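The block underneath contains the structure these notes are about, expressed in structure tokens.
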Amino acid sequence: MKGTAMRTMVPVYYPSFRCIASSCRHTCCAGWEIGVDALSRERYLGISGPIGDDLRKWMREDEEGEWVFRLREDGRCPFLREDGLCRIILEMGEDALCLICADHPRWRNFFSDRVEMGLGLACEEAARIVLHEKRKAVMIPLTDGEEESLSGDEEAFFAFRDRVLAVLWDRGIPLTRRLDNLEEAGLACRTGNISGWKERLMSLERLDESWTAALESLEDMGESTGEKDLSLEQAAVYYVMRHLSPALEDGLTRERCALAVLLTRLLHALSRDGDIAEWARMLSSEIEYSDENVPEILEWILSDEEAGAL
Ligand code: SF4
């Protein structure tokens, strides 16, 4: 282990992740213009030969002044080959990837004494690993770091999160009941039945037609059981680990916990048929990764809470 300024903590399943590249059915190398960080751009500007010419040809400055790779007409990254492999890796090595490509699908949350890092469910391989993990998704150290102390707010935050995780890891009862218990204990605002969210979810930005069809057929579900129960636990813990910590900035602790509950109930309802990991991937790309949809949902949770609606 290499010493760093701050220790990095990851969930137990993190070391299993490898990008499946050409076998990926929902590659992250299509559908969005990939940001090129300043260091990579500087490097790409000095590369000779056909790959250097192409790197320079496909970089452009967007409306916000950020550098990105333009997409091809079919919406794919210009360096993604027909066989699903990346030309930059093949011709220049993995180290030549720009930061965003090297980093995806990882997410990070920063605290005074640690960085927490995990695998985002919008990646199909990450979703497969996370949703099929059997162990409790506790955090383990990936790198050492210097001893730092937590602020008072952070200590209160971790104490709150530990209470939430203890409820979610109470494996003696179905996960659906554990979600109810979070609300009963006042750790999450109440969000009610999933069917009551249909109209709101339909009003959000949607990317895929099959998502619209899935929302149209949403129904309330009974208790979760068996393997699915375990997958839902992994999803709920993931949503908490990823989305609770911004509460240190915005103060929306119970609302963010309610977001995790809502997303888990939604995943339960969506996955009544089919592969739960694929549903989790779709849910993340449609909602969880959206900078517009998540704040909108938090706003609804907050206004319901203020109105005492549920
Ligand atoms: S979505 Fe995940 S598995 Fe697929 S290409 Fe991207 S990082 Fe690799």
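The values are calculated or read from the model by the stated rules, or taken from the named source; none is laboratory data. Small disclaimer: the values here were computed from a predicted structure and weren't measured. We place every Cβ from the backbone using ideal geometry, glycine too, and count neighbours over all the protein chains shown. Side chains are part of the model used for accessible areas, which takes the heavy atoms of the whole protein and leaves out ligands, DNA and RNA. Shrake-Rupley method; radii C 1.70, N 1.55, O 1.52, S 1.80 Å.
For the stretch 1-48, which residues satisfy the criterion of being more than 15 Å from the ligand (Cβ to nearest atom), assigned to a loop (DSSP other than H, G, I, E, B) and among the polar types (S, T, N, Q)?
Matches in the stretch 1-48: Ser48 only.
Just to be sure, is Leu55 hydrophobic (A, V, I, L, M, F, W, C), in contact with a Phe, Trp or Tyr (Cβ under 8 Å, 6 or more places away or on another chain), more than 16 Å from the ligand (Cβ to nearest atom) and outside the structural domain of Glu278 (by TED's automatic domain parsing)?
So Leu55 passes the test.
Just need a number here: residues in the stretch 201-216 that are in contact (Cβ under 8 Å) with a residue 40 or more places away in the chain and in contact with an Asp or Glu (Cβ under 8 Å, 6 or more places away or on another chain).
Of the residues in that region, 6 qualify.
I need a count of the residues in the stretch 200-213 that are modelled with pLDDT of 90 or more, surrounded by 12 or more Cβ atoms within 10 Å (Cβ to Cβ) and farther than 24 Å from Asp180 by Cα.
Total meeting the criteria: 4.
Kindly establish whether Leu131 is within 12 Å of the ligand (Cβ to nearest atom), under 21 Å from the mean Cα position of the chain (by Cα) and under 21 Å from Met9 (Cα atoms).
no
Can you tell me which residues in the stretch 93-110 are buried (at least 18 other Cβ atoms within 10 Å of the Cβ) and more than 13 Å from the ligand (Cβ to nearest atom)?
Those that are buried (at least 18 other Cβ atoms within 10 Å of the Cβ) and more than 13 Å from the ligand (Cβ to nearest atom): Ala96, Cys98.
Among the listed residues Leu298, Leu262, Leu244, Leu232, which satisfies the condition of being touching a His at 6+ places or on another chain (Cβ under 8 Å) and over 15 Å from Trp211 (Cα atoms)?
Leu232
Pairs needed: first member in the stretch 24-37, in contact (Cβ under 8 Å) with a residue 40 or more places away in the chain; second member anywhere, open to solvent by 50 Å² or more (accessible area, probe 1.4 Å) and within 6 Å of the ligand (Cβ to nearest atom); C-beta distance under 7 Å; at least 6 residues apart or different chains.
Hits for this filter: Cys28/His104.
Restricting attention to the stretch 236-250, does a residue exist that is more than 20 Å from Glu116 (Cα to Cα) and in contact (Cβ under 8 Å) with a residue 60 or more places away in the chain?
Taking every residue of the stretch 236-250 in turn, none turns out to be more than 20 Å from Glu116 (Cα to Cα) and in contact (Cβ under 8 Å) with a residue 60 or more places away in the chain.
Considering every residue within the stretch 112-126, establish whether at least one is at pLDDT below 95 and exposed (fewer than 14 other Cβ atoms within 10 Å of the Cβ).
Within the stretch 112-126, one or more residues are at pLDDT below 95 and exposed (fewer than 14 other Cβ atoms within 10 Å of the Cβ).
How many residues are open to solvent by less than 50 Å² (accessible area, probe 1.4 Å) and assigned to a strand (DSSP E or B) when one looks only at the stretch 69-92?
Counting residues in the stretch 69-92 that are open to solvent by less than 50 Å² (accessible area, probe 1.4 Å) and assigned to a strand (DSSP E or B) gives 3.
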